[in-house]
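Read-outs: derived from the displayed coordinates by stated rules, not from any lab. None of these values were measured; they are calculated from a predicted model.
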Amino acid sequence: MREPWADLMMMEPEDPDYSRVLASGAGTLAAHRNELSEFSLEPSRLLDRIDDIALSSDATASTTGGTISVMSNGPVEVQVQATLPRHSRAVQTEERLRKLDPDLARTYASVREVLYGTSSDPERSSLFQTRQVFDHLFSLLAPDYLVRESRFWSPKGAPERRDHVTRRERIMFAAHVHILDPPVQALLIEGAGNMVDVYKALNNAHKRGPLDSSRAREALREAATLIERWIWAVRLPLSFEMSST
């Protein structure tokens, strides 16, 4: 991933949406680097964590693809790859989601069905379904009333929005409550932030013209990989005992 990131870092985007995508993508890359650097001191631990490291590497690669898909206007090209994780892995992820909520698992399964089974604007419909999965998952990992009782929430200015819970607050709560490994925690916080930034940039770009299917598919891959990383990182059944760290 070094070469595409070197190209990305030479860009100076004027669009604030693109600037946020680039910054959050770089944050994800740095978090993954920090996760891997721990094993340079204790390489023997790598074998015990190889599955987690593979998931983190895949998530970081997908974040790179999502960032590139939004940022590229010429010099950087997205590598050809499958849009969604392989079917066998998706089935396993669906089973874990079903343990949280059967409706969530069904929505997750529908993303693949819509993308590969329809011919009328499949990317747009799949993006909508994926956003539903993301929001539904985090409503379970970080219920509003618990987030408001945590140190990650703050009241909003306008009276009608005072009790609003932002996606960032929900992500921070979920990561600190459900994920105990600090490097993985940092990676998932950064990755979720980047995914939200990519979606916002795609939505705003769409308002100015047709939805770019190749960019949409890269965003779908990033979101699917990130959802997979989260659901395999959290402890099931869910516990909401706050860590002291």
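Summary of values
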| item | result |
| --- | --- |
| Note, ³J(HN,Hα) from phi for the stretch 166-171, Karplus 6.51, -1.76, 1.60, rounded to Hz, x at Gly and Pro | 7, 4, 4, 5, 5, 5 |
| Gain in span if fully extended, Ser44 to Arg168, counting 0.36 nm per residue against the direct Cα distance | 41.2 nm |
| Cα-based shape type of the stretch 132-245, given that a ≥ b ≥ c are square roots of the gyration tensor eigenvalues and the cut on a/c is 1.5 | oblate |
